[in-house]
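Some notes on the structure that comes next.
Derivation of every value follows stated rules applied to the coordinates shown; laboratory data play no part. Predicted, not measured: the structure shown is a model, and the values here were computed from it. Virtual Cβ from ideal backbone geometry, glycine too; neighbours counted across all protein chains shown.
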Amino acid sequence: MNTFTKKDQGMWINEKRELDLIYQYLDSPDLVDDFCDMWLNDLEAVIESDTKEEALQAANAILIWFNIDIRVVDVDWEFDDRCFLWKLK
């Protein structure tokens, strides 16, 4: 598994294949399930209907809710995997 450290200036993750780089900080399977549900369902609804800035705010709100000390600073679309790429810092 890849690891993400705060020393990194930022890295892009593919939410379909690398979401574990975010939820690795959660300490129970129930929290991981709750996080994935919010990230993949609630966040997708925001992205589809709002602006990029609101999507970033929503993603960071989820991270704060789960007390994950990472922030999202950008988002893009991965055409091959048909999913979002998130830049973490």
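Below, the figures for the structure above:
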read-out: Calculated [θ] (222 nm, deg cm²/dmol) that DSSP helices of n ≥ 4 give over the chain, each run adding -39,500 (n - 2.57); value: -10500 deg cm²/dmol
read-out: log₁₀ of I(q)/I(0) at q = 0.27 Å⁻¹ - region 11-88, Debye sum with one point per alpha carbon; value: -1.58
read-out: Placed amide H near residue 83: partners under 5 Å, 5+ positions off or other chain; value: 78
read-out: Cβ-defined net charge surrounding residue 73, 10 Å radius [Lys, Arg +1; Asp, Glu -1]; value: +2
read-out: The chain - percent relative contact order, Cα under 8 Å, separation 6 or more; value: 38
read-out: Gaussian network model of the chain, Cα within-10 Å springs - most flexible of 63, 26, 43; value: 26
read-out: Cut-off 18 Å (backbone N to label point 7 Å along Cα→Cβ of residue 67), residues of region 23-47; value: 23-36
read-out: Karplus (6.51, -1.76, 1.60) ³J(HN,Hα), θ = phi - 60°, over region 52-61, in Hz, Gly and Pro reported as x; value: 4, 4, 5, 5, 5, 4, 5, 4, 5, 5
read-out: Table column - 3J(HN,Hα) (Hz), region 18-26, Karplus curve with 6.51, -1.76, 1.60, x for Gly and Pro; value: 10, 4, 4, 5, 8, 7, 4, 7, 8
read-out: Candidates 79, 66, 35: whichever shows maximal mean-square fluctuation once the chain is modelled as a Gaussian network with Cα springs under 10 Å; value: 79
read-out: For residue 75, residues with placed amide H under 5 Å, excluding near neighbours; value: 87
read-out: Under the Karplus curve 6.51 cos²θ - 1.76 cosθ + 1.60, θ = phi - 60°, whole-Hz ³J(HN,Hα) for region 71-79, x wherever Gly or Pro sits; value: 10, 8, 10, 7, 9, 8, 9, 9, 5
